[in-house]
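The values are calculated or read from the model by the stated rules, or taken from the named source; none is laboratory data. Just so it is clear, the structure is predicted and the values come from calculations on it, not from any experiment. Virtual Cβ from ideal backbone geometry, glycine too; neighbours counted across all protein chains shown. The accessibility values were calculated without ligands, DNA or RNA, using every heavy atom of the protein model including side chains. Shrake-Rupley method; radii C 1.70, N 1.55, O 1.52, S 1.80 Å.
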Amino acid sequence: QRFEVVALATRVEGTRGIVDVVVSVEGQPDKPGVVVLGAVSAALIPEGGERWRARLEVEDVGLWWPHTHGTPMLHTVELAWGDERFQLGRVGFRTIEIDRGPDGLGFALRVNDTPVFCRGACWTTADIVNLPDTTVAYEPWLQQAHRAGMNMLRIPGVGVYEGTAFYQRCAELGIMVWQDFMLANFDYPAEDDAFAALIDAEATQFLARTQACPALTVLCGGSEVYQQAAMLGLPPENWTSPLYER
């Protein structure tokens, strides 16, 4: 059966882990599909057109943690059609909240209701010439970060979106990712509809392939935009743009 994963999302409610799956199925399936996570399963329900949906609920689910605070547990989600099984992805269950502090001006993270001090570095690339998307290329650098006690890497908006293998390996190692969208200190034509549509497509495509990755912790509109504008002496009303805000 030919299908495409439209959405794969997790959340935590109390001690339960919930997985929502939406797939687009080509044609009319001969057999009903079933989504499986460990000993838990749920049948796909038609949603209209070629889309089918399922929701799994896992009691007392094992949580994903930054490696400095616990075990980064991952769970394999599969789709079963008759005798065939297809892996949809490895997911993690965690909650992330922003702690603004007593004055409301701070920015700290709470993971699974636990305050986490984020320490790490800015990531550039494993190979600036070839820009590989392989676990082999990423492994030595991510292992060094892990051994050094780093629990977060930031991909700045002056770099590139990394390959899917990067985010998968960060999830396995328990390294959080601060992801800037690829926008920086430029006068972008934000009011140009064609340009805005390209940015929208870029963000949508990136999030579609990383949507189930528990390591993806912070999404930021761009690199040092407010800081650069302030250092140039521009008034605060000139710092913002819909591209960075939305």
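Heads up, I need the accessible area for F107: 1.4 angstrom probe, whole protein in place, Å², nearest 10.
Number for this one is 100 Å².
Set Lys and Arg Cβ to +1 and Asp and Glu Cβ to -1, take the dipole of the chain about its Cα centre, and tell me which of W239, L74, G159 lies farthest positive.
L74
Cα centroid distance between segment 23-81 and segment 165-196, in Å?
What the calculation gives is 27 Å, centre to centre.
Among Q227, G149, F206, whose Cα sits farthest toward the positive end of the charge dipole of the chain (+1 at Cβ of Lys/Arg, -1 at Cβ of Asp/Glu, about the Cα centre)?
G149
Tell me the trypsin sites (Lys or Arg not before Pro) within segment 1-82 that lie in a loop according to DSSP and have at most 10 other beta-carbon atoms within 10 Å.
Sparse-neighbourhood loop trypsin sites (Lys or Arg not before Pro): R2.
May I ask you to list the residues of segment 156-185 whose amide nitrogen lies under 14 Å from a point 7 Å from Cα along the Cα→beta-carbon direction of D133?
Answer for segment 156-185: 160-169.
Could you calculate the contour length gain from L232 to A43, that is, 0.36 nm times the residue separation minus the distance between their Cα atoms, to one decimal place in nm?
62.3 nm
Mind putting a number on the dipole of the chain about its Cα centre? Charges go on the C-beta only, +1 for Lys and Arg and -1 for Asp and Glu, and I need it in Debye to the nearest 20.
Dipole of the chain, to the nearest 20 debye: 760 debye.
Assign one of three labels to segment 150-246, namely rounded, prolate or oblate, based on the Cα gyration tensor with a ≥ b ≥ c the square roots of its eigenvalues; rounded applies when a/c is under 1.5, prolate when it is not and a/b is larger than b/c, and oblate otherwise.
oblate
Which net charge results for the neighbourhood of R53, defined as the other residues with beta-carbon distances under 9 angstrom from its beta-carbon, given Lys and Arg at +1 and Asp and Glu at -1?
0
Pick from T15, T124, T164: which residue has the top mean-square fluctuation in a GNM of the chain where Cα pairs under 10 Å get a spring?
Looking only at T15, T124, T164, the biggest GNM fluctuation is shown by T15.
For the chain, modelled as a GNM with alpha-carbon contacts under 10 angstrom, which of A39, A184, A203 fluctuates the most?
Largest GNM mean-square fluctuation: A39.
Under 14 Å from a label point 7 Å along Cα→Cβ of T204: give me every residue in segment 1-22 with its amide N that close.
Backbone N within reach: 6-7.
For the chain, set up a Gaussian network in which alpha carbons nearer than 10 Å are linked by springs, and say which option among P72, P189, P156 fluctuates the most.
Greatest mean-square fluctuation among the candidates belongs to P189.
With a point put 7 Å past each Cα toward its Cβ, work out how far A9 is from D103 in nm, to one decimal.
A separation of 3.5 nm, rounded to one decimal place.
If one takes the longest principal axis of the Cα atoms in the chain, at what angle in degrees, from 0 to 90 and to the nearest 10, does the Cα axis of helix 193-210 lie?
Helix 193-210 sits roughly 50 degrees off the main axis of the chain.
How big is the antiparallel share of DSSP beta bridges in the chain, given as a percent to the nearest 5?
80 percent
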